[in-house]
Each structure stands twice: as structure tokens, then as C-alpha cells.
């Protein structure tokens, strides 16, 4: 019986699924081993873990003692499982891999076995997990149907099939690792290619169609490899799949086992033009950005949809498990932002947005830490949800078509019934820049130049943002307002002096005084000599102003 047991342990047994001999792997710690860690003279192979006699009363004939230390356990805001101190097979693995017990300290020898190079414990590195397991995949927890249901992204244990297995209902080291077979590298029971191993347990419904699951992009060998954290990376994004961002052991970003401690570090080593087609990192180096470098450890995967503390990270706007190449028309969200949280037009939280503007509302609507307006308006309002609301007196058509049915300056195919995106104005500048408001040379991350200073000379360049939708010739020909040309070309008054580009809230403005986005810039326009600052809409192409501007006193001026 003794001989049979050791032949099984040493050479493997196909009925148990051992397809590679321990003799050939790094778990052969004998003097005949081929790895860097090996004994100086001990020729027995199995003895470092197993003993037919004098072993501990622990299956399978265990020959090492547990260190007895208390481990620091993994934890994150999204973890529903309750990891316990390592037990079962996991504590056996840690008798070497926590680095506290000498590799040659085995139960059936009276003195420690010596190792080449003076090695005593597991050398420092990725294989030495230490007693801090907070950067390692959780183990020794009950994997139950209740847990799978509570988590929402885990398979029911009844659907977890070999070679992955639960040990007495718990997930342990041997659920993913077979210490006798290194066919799949790192002694994994199944290949990590295309996340085959991960999806045995993890079940995100959006993952299969996501770009990170399907992309055939490769690293162009420039800069730093995005897969430097992997021992054996594959060549494409889809092949590395989960491992593009996650590292199940000794991860730098402990919560969620991310490869980088900084949130943006998990994205920009691919999205710098060296792997992904677009170079987002270059946009982030511009002067006006959603500054992902300015915050660290402030984003959390389990944070509320409404942003209560100002911060911005790639993951605030993009769901890496759901992002895809699906296109959409305004106001609907496209694949780049699908699966992200948001705030709807009524102010309610959404776990997954339908409309693009709902993502912007996370930070720019009801958030107490939202950025303020750069223009001092007659009617101050920083909540863009209220500015774009469809019951307002006037607004740019983000949520739905605008209130004005007569806008002759619109450039085809735009019409009065068109709906636009926030990113039609707020986006990276440059014709070759990737879509989205990542970074711009223009303030407020605007796609084109939009001068707001008084005495600005009118030109196609200075008001390029406005002229991207509104015909310059139509505006200067006074098709929509008799004195457009006089004001912006003749008097050098910027568009923003009179027009609030977002809109006016229904709780602050009305259809008599605030149509046509009228909301005066108080740094340019002031009350007239009678103390009145007012615009009155008197019907189509008709109105009057009470104000003072550039020394001109309107009391009122009719058009």
C-alpha cells in the first residue's frame, strides 16, 4: 500500500486528473529538482509535503506544521463572502507559501533540510504570499447558493463543474490550483486564457460581449507592457481577459485585486495607444481634463450613484466589464459608457444608465461637490439636471428637443427637433482625438474654442464651438436676431454675454424673460439707469432689453 500511495503522489494518476509528473515541476524541491528552490542533498521528492509515516494526522499524510499565525484577510466593499482564517487544504499550502516556516522543516526529520543558496523560507516574490492575504483572492469561505444570489455575479455552486471544485463547500487554494500538475502554469486547474478559469465561478452577464473579452488588440512593444504583472501573459486583450486588470495574488490594488494601486494605472497602460487603438493618456496630459491623476483611492466600485465627494477616475464613467463598441444616437448611451451608474432626469439613482446625460448628472447635477459655473450669471445655477429639464423656458436639447421651433441658423442635419449629447460640446479637442471629455486645450473640456471674455473679436475661430452647430453666415446675417452682427461683430460682445449655453431652470426663469437661453453675464451686462436688468420676449423675432452694456443704456431697447 505504501508503494502504491507514493507512486501515485510521485508520478501522477490519470484517474485523478494529474497529467504532469511532480518530478518535472517546481514543486520538486529535492536535490534533483530543476527549479531555483531545491534541497542540497535530500533526494526524496514527495517528502517535502507528504510522509507515509510520522506525518501529521491531516489528509493527505501531511508532513509540515502550520505556522499558527493569524492572517490578514482579504476585504473589499463589494465582497459578500465572509473569509475565515485559512483552513482545509489552504492552510497546508500556506505552510510553505506564507514564508514563515523553513522549507526544510518537515515533520519526519529531526533537523531541517538544507537548501541551495542558503534559502530557508520561500523566497520573497509573488510565490511568497506572506501572512497578509489582503492582496490575494479570498479563500476558506463558504460558497453557498445564498452567497451567489446575494453577490449577483457568482454562479450557483451547483453550476461549478470540474476541474474547479469546492472543498467541503468552501473555496480553497485547491479550487483553482493543483499542486501536482503545472500544465496550465502556476499549477492552475484550468487555463486562464480567455478567462476560462475565472468564469467557472464569476458570472457577469455583460462580460461575454464586452470589448475586454473580445478584443484582439496586441501590445505594440512600446513603453511598458500592460501585462508585466503576469508570469505568462498571452498576446491579445481577449486572451488575457480578466488578467488585463486583475491579479489574484499579491495585487497592488488590494480591493478588487487590481494590478495597479492607482485607479487609472489599471487603464492607461493599455489606453495609451500602445495596445488600445485610442490614446486616452495623451488627452489626460492636456491642460483641461477630467483629471484622473488628481485623485487616488477615492473611487469605489460600491459607491453611490450620486457623487458626494468630488473625484474622477476612469471607472466613474466606464464599466470595464461591460464596455463595448455599440454605437447609439442621442440621448442614448453608447457602448463606451454602458453599464455605468447615473442619475436620471428626476434625480433618482440608476444602477445602469439608459441615456448618456444620466452619467454626467452623477457629478454635475445634485452632487454637493459639483464644480461651479465659470460665468457669473443673473440667474445662478450649477445643477445641469435642472438647466436641461424639459419644462424649462429654454435649454440646449440634451434630454429632448428644445422649446424653440424657429432656429434658422442650425446646420443640417440638425433641426429644431434634434437631440444632442453633452459630448457634442464637451469633448477632447482635435479631429483625431478619441471621443469623450477626457482632455482639451480649451476650458471646461470644450471640443472647440469658445471665448467668453468681453471685447472678443468675432471670428470663426473664437466662436468655433457655437459655429459647429449654428451657421456663422446665418448669425452674422441676422437671420434669427436683428442685431446679432451689431453685438458680436460690431461691439465685440461674446455670445456668452447674453446666452447661457446649458439652459435656465423652470424654478428660476420663465418664458417671457428667459427664452433663447437668455441669462446675462453680470461681468459684462448690468442693470440700466432705472436699476432694471431684464429681457422680454414679445413673440417671434420680437423683444426688448432693459440693461446697460458697453456704456449703452437700454431702457428699454426694442427689437
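Scanning the stretch 514-526 turns up at least one residue that is in the same structural domain as residue 449 (by TED's automatic domain parsing), free of Cβ contacts under 8 Å to residues at least 60 places away in the same chain and surrounded by fewer than 17 Cβ atoms within 10 Å (Cβ to Cβ). So which of 184, 240 is at pLDDT below 95 and surrounded by 18 or more Cβ atoms within 10 Å (Cβ to Cβ)? One residue alone meets the criteria, 184.
From the set of residues in the stretch 378-428 that are part of a strand (DSSP E or B) and either at positive phi or in contact with a helix residue (DSSP H, G or I) (Cβ under 8 Å, 6 or more places away or on another chain) (or both), which is surrounded by the fewest Cβ atoms within 10 Å (Cβ to Cβ)? Working first, answer last.
Within the stretch 378-428, the subset part of a strand (DSSP E or B) is 394-395, 410, 426.
If we keep only those that are either at positive phi or in contact with a helix residue (DSSP H, G or I) (Cβ under 8 Å, 6 or more places away or on another chain) (or both) too, we end up with 394-395, 426.
Values: 394: 22, 395: 27, 426: 20.
Once the filter is applied, the top-ranked residue is 426.
Scanning the stretch 227-242 turns up no residue that is more than 15 Å from the chain's Cα centre (by Cα), in a loop (DSSP other than H, G, I, E, B) and farther than 29 Å from residue 187 by Cβ.
Among the residues of the stretch 524-545, are any modelled with pLDDT of 95 or more and closer than 30 Å to residue 429 by Cβ? Yes, that holds for at least one residue. State whether the residues of the stretch 294-307 include one that is within 13 Å of the chain's Cα centre (by Cα), crowded, with 21+ Cβ neighbours inside 10 Å and touching a residue at least 24 places away in the same chain (Cβ under 8 Å). Among the residues of the stretch 294-307, not one is within 13 Å of the chain's Cα centre (by Cα), crowded, with 21+ Cβ neighbours inside 10 Å and touching a residue at least 24 places away in the same chain (Cβ under 8 Å), which makes the answer no.
Does residue 493 satisfy the criteria of being surrounded by 20 or more Cβ atoms within 10 Å (Cβ to Cβ), out of contact with any strand residue (DSSP E or B) (no Cβ under 9 Å at 6 or more places or on another chain), touching a residue at least 12 places away in the same chain (Cβ under 8 Å) and farther than 30 Å from residue 282 by Cβ? Here the answer is no, as residue 493 does not meet what is asked. Count of the stretch 84-114 residues, restricted to those that are in a loop (DSSP other than H, G, I, E, B), crowded, with 21+ Cβ neighbours inside 10 Å and touching a strand residue (DSSP E or B) at 6+ places or on another chain (Cβ under 8 Å), is 1. Among the residues in the stretch 547-557, are any in contact (Cβ under 8 Å) with a residue 40 or more places away in the chain and either surrounded by 15 or more Cβ atoms within 10 Å (Cβ to Cβ) or touching a strand residue (DSSP E or B) at 6+ places or on another chain (Cβ under 6 Å) (or both)? Yes, because at least one residue in the stretch 547-557 is in contact (Cβ under 8 Å) with a residue 40 or more places away in the chain and either surrounded by 15 or more Cβ atoms within 10 Å (Cβ to Cβ) or touching a strand residue (DSSP E or B) at 6+ places or on another chain (Cβ under 6 Å) (or both). Here residue 527 fits the description: more than 20 Å from residue 403 (Cα to Cα) and out of contact with any helix residue (DSSP H, G or I) (no Cβ under 9 Å at 6 or more places or on another chain).
The values are calculated or read from the model by the stated rules, or taken from the named source; none is laboratory data. Quick caveat, the model's predicted, so the values are computed rather than measured. Note: ideal-geometry Cβ built from the backbone for every residue, glycine included; neighbour counts use all protein chains shown.
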